[in-house]
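Report on the following structure.
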Amino acid sequence: MKVALLQTDIAWGEPEENIRRAEALMASVGASDLYVLPEMWSTGFATKPEGIAHAVDDNVALRWMREVAERQQCAVCGSLAVRLADGSYRNRHYFVDGRHHREVFYDKHHLFTYGGEDRYYTAGQEHTMVEYEGFRILLLTCYDLRFPCWSRYSAERDFDMMVVVANWPQSRQSAWQILTRARAIENQAYLVGVNRVGDDEYSHYLGASCVVDAIGCTLGHCHTDVTEALQVEVSLPELQRRRSKFRVLEDRD
């Protein structure tokens, strides 16, 4: 499966401009099976969502994801700040599959209390997995990466790939580089991590988006501080071969 990492600089609160930037990156990388955008890719990381988050049923960025997935017969994922009918807000990671006419979402479970995200958003309580092109994919969002129990492979939650979308700042860049590899190694799974670049009111972002394999080797990575699209091919037979040869998951707690 060909996975495209879309490491973009996000224009604050400007969905139409961020759509334009996403389209340019998609065109530059060419045809892929799955395109992955960062966390809150249409607005920036809006810890105070009022006036920034759009209603679920009137969201220009979500409509664009659906249209692109259908037109290009691919899948597109990334998180959006959304407002529900009851007035609550979610940091919602969408996976839109145009090939099979499906759409699922994951509401971020670990809200970033240090930045006040928990004051305005409601945390999700359920894992979300989706099967696509034979891969069982677990959806995660940014701060979730720090919590290994939440992303642990189990009999009830058996996956082949984790997709982590993020706004992970430069000040904690070393943790991004370590944790993306740790989560891949401990679960013997691919990890696709897509981070933004550029600046907002609070932080500078370096990107360093990556694809890591089941033994912690980097299969591909974007450069730091650069808007960039990168395509990486992942192999399910290769993952299954590694798991059958070195059966770490059978000895898990």
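Rounded to a whole number, what % of the accessible area of region 108-211 do carbon and sulfur atoms account for, probe 1.4 Å?
49
Could you compute the longest span of the chain free of trypsin sites (Lys or Arg not before Pro) located in DSSP loops and having at most 16 other Cβ atoms within 10 Å, not counting the site residues?
Maximal segment without exposed cleavage sites: 1-98.
With runs of 4+ DSSP H residues as the only contributors, calculate the mean residue ellipticity of the chain at 222 nm using -39,500 (n - 2.57) per run, divided by the residue total and rounded to the nearest 500. Could the numbers behind the result be given before it?
Values: 5 runs with 57 residues, N = 253.
Value at 222 nm, helices only: -7000 deg cm²/dmol.
Hey, what angle do you get for helix 15-29 against the long axis of the chain, alpha-carbon based, 0 to 90 degrees rounded to 10?
40
From the list (1) 1.05; (2) 0.93; (3) 0.97, can you say which value of Cα Rg over 2.2 N^0.38 Å was derived from the structure given?
For Cα Rg over 2.2 N^0.38 Å, the calculated option is (2).
If amide H atoms are built 1.01 Å from N in the plane of the peptide, which residues on other chains or at least 5 residues away come under 5 Å of the amide H of Tyr132?
The list, which skips near neighbours in sequence, is Ile137.
If the cut-off is 25 Å between C-alpha atoms, which lysines fall inside it for Lys48, apart from same-chain ones fewer than 8 positions away?
Hits, sequence-local ones excluded: Lys108.
With every protein chain kept in place and ligands, DNA and RNA left out, what is the accessible area per residue of the chain? Probe 1.4 Å, answer in Å².
Heavy-atom SASA per residue in the chain reads 43 Å².
Relative to the longest principal axis of the C-alpha atoms of the chain, give the angle of the C-alpha long axis of helix 173-187, reported between 0 and 90° and rounded to the nearest 10°.
Its long axis makes an angle of about 40 degrees.
Looking at region 73-132, which GluC sites (Glu not before Pro) are in a loop (DSSP not H, G, I, E or B) and have at most 13 other Cβ atoms within 10 Å?
Glu126
Compute the acute angle (0 to 90°) between the alpha-carbon long axis of helix 60-72 and the principal axis of greatest extent of the alpha-carbon atoms of the chain; round to the nearest 10°.
Taking the Cα atoms of the chain, the angle to 60-72 is about 50 degrees.
The values are calculated or read from the model by the stated rules, or taken from the named source; none is laboratory data. Computed from a prediction, not measured in an experiment: that's the story for all the values here. Virtual Cβ from ideal backbone geometry, glycine too; neighbours counted across all protein chains shown. Areas reflect the complete protein model, heavy atoms only, side chains present, ligands, DNA and RNA absent. Shrake-Rupley method; radii C 1.70, N 1.55, O 1.52, S 1.80 Å.
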